[in-house]
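As structure tokens, the structure follows; a few thoughts come after it.
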Amino acid sequence: CGFVPSEVQALSYSVTAGWTVASGNSFGTPCCQVTSGFNCLPVVGLDTSTTTSLALSTGEYTATVPTQVGLLTEVTALDVGFNSLTGPLPTQLGAMTKLSAQAVFSSNQLSSSVPTELGMLTGVVANFELDDIGLTSTLPTELGMLTGVASWFVMEQNNITGSIPSQFGRLTSLTANFRLASNNLCSEVPTEVEALSSGVAASWNVVTGNDIGTPCCETLSSVYTCTPTGAPSPVPSAVPSPSPTASPYPSLAPSPLPTPLPSSLPSSMPSSAPSPLPTAEPTLVPSPVPSAGPSPGPTTPAPSSSLLPSPAPSTPMPTPSPSAVPSPLPTAAPTASALAVRQIPNTTTSISAASIGYTGTVPTELGLLTDVTAIDLSENQLSSALPTQIGSLTRVTALDFSSNQLSLALPTELGSLVDLSVSFDLTANELSSTIPTQLGGAVKLASSFQLASNKLSQGLPTQLGQLEKLKGTFAVESNSLCGFVPSE
């Protein structure tokens, strides 16, 4: 059932003995129409040039939202609320840039993260409703681009976690409803978002059913790690020596600490919760990351590019005398801590921090380190989703987040890492959803492509066949993939 991919159709021109695909199958008919118990949205087959409205809030539709909905680029009003739709919201919705009247998905069973591509629907001026559909993960900063929405911006009654992006304060056209109640939101309401309450007449409901005012590290201890108030800032330390096993990463050898060590440590530590990055106008590639660097630290010699902040020791370091040899750092294993990306210089070119014990999420500020060419954060306890800002690291040639606890969907922005030429390894995490087709853009990759031991589902994208330079390892076993392996 479904449709024959164009790549497979192209084979019919080169085979000589026989190309038999359609006989005895139901190609041309959506799979949900030939599977018992499903009634799919009547999207496939519509005239893409004349269809301007989809009013399908009838309560009779099930199965997933077809990706082909993104082909209906002339549609100005979309309402598929109050059905029993399941699965993820397709990223192809971002192609429906002529949507103006409304984008309504209320009261379904979608249970997925919010695609960042929804930030491209900048023409919507009336209703944007994604309430009561089982959404997870965090709120994408890109939704702050929907500055034309005037009546309803509603995402309440979901399972969304984390803090409210300050970019939502750009929704200044709202006059009726702004509702994020009954989720798992935490931390403080940004002042920019608080200011919207003065212009919203019907309902501004953010606090009810959330943990607003409570630090996220207290409500989501499995994701965030609290830093004790008044704790000293971490002292940069050399990355542990790599294990004897050969690594594919170039030039990741640690450099020694600068001497002498600072005589005193700062009295406060920056917050471990990542601040949302500003989002530029939506494009089909990741938004540029602002050039602002981390807040200045103590006036000590800058660490070399291979240094990464590690957790502070339990007692202050003594100040060495000028003639004394500096005491070595403690040899005990470091305590678990959040990844302090803000303290890494913007000029850093490699991050090698395997088996350090880092916890919490991968900070969005990682996208600021645009000079980095190699990242190894394997064998830590990093969790939740990879930030979309990782797509800004366009100089990266080797990326390793294997053996962590990363979950949710792989960001499509990974397809922007076009300089990946050594390895791509996300083995042994808890990644779900599908494999993004954009990963087929890593055409320089030569050593390894590894997504084994996750929870990825559906089929292998045919675009992965473009990785023609790959000579080492291609591993996607131990997932929930199905269908047939594309010939590519």
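FYI, it's all coordinate maths here, none of it is from the lab. If you're wondering where the values come from, they're calculated on a predicted model, not measured in any experiment. So basically every Cβ, Gly included, is an ideal-geometry build from the backbone, and we count neighbours across all protein chains shown.
How long is the gain from E7 to S487 if the chain were fully straight, where each residue apart is worth 0.36 nm and the alpha carbon distance is subtracted?
171.9 nm
Under a crude label model (7 Å from the Cα following the beta-carbon direction), how far is E218 from S14 in nanometres?
Calculated label separation equals 6.2 nm.
What value does the stretch 45-178 have for Rg/Rh, both radii from Cα atoms and Rh as Kirkwood defines it?
Details: Rg = 13.8 Å, Rh = 14.7 Å.
Using Cα coordinates only, the ratio equals 0.94.
For a distance above 26 Å, tell me the whole-number percent of Cα pairs in the stretch 351-488 that qualify. Let's see the in-between values first.
On the way: 1348 of 9453 pairs.
Across the stretch 351-488, Cα pairs with separations above 26 Å total 14 percent.
Give, in nm to one decimal, the length gained when the segment between T473 and S84 is fully stretched (0.36 nm per residue of separation minus the Cα-Cα distance). Can you show the working numbers first?
Numbers: separation 389, 0.36 × 389 = 140.04 nm, distance 4.05 nm.
Contour length minus Cα-Cα distance gives 136.0 nm.
Can you work out the PRE-style zone for A201? Point 7 Å along Cα to Cβ, and I want the residues of the stretch 161-188 with backbone N under 15 Å.
Taking a point 7 Å out along Cα→Cβ of A201, the residues of the stretch 161-188 whose backbone N falls under 15 Å are 173-178.
What lysines sit close enough to K469 to cross-link, taking a C-alpha to C-alpha distance under 30 Å and skipping anything fewer than 8 places away on the same chain?
K444, K455
Can you tell me the length gained on complete extension of the stretch R395 to F27, counting 0.36 nm per residue apart and subtracting the Cα distance?
Working it through step by step, the gained length comes to 128.3 nm.
Can you compute 3J(HN,Hα) from phi for each residue in the stretch 159-175, using the Karplus curve 6.51 cos²θ - 1.76 cosθ + 1.60 with θ = phi - 60°, rounded to whole Hz and x for Gly and Pro?
So the J values, rounded to whole Hz, are 10, 6, 10, x, 9, 7, x, 5, 4, 5, x, 6, 7, 6, 7, 5, 10.
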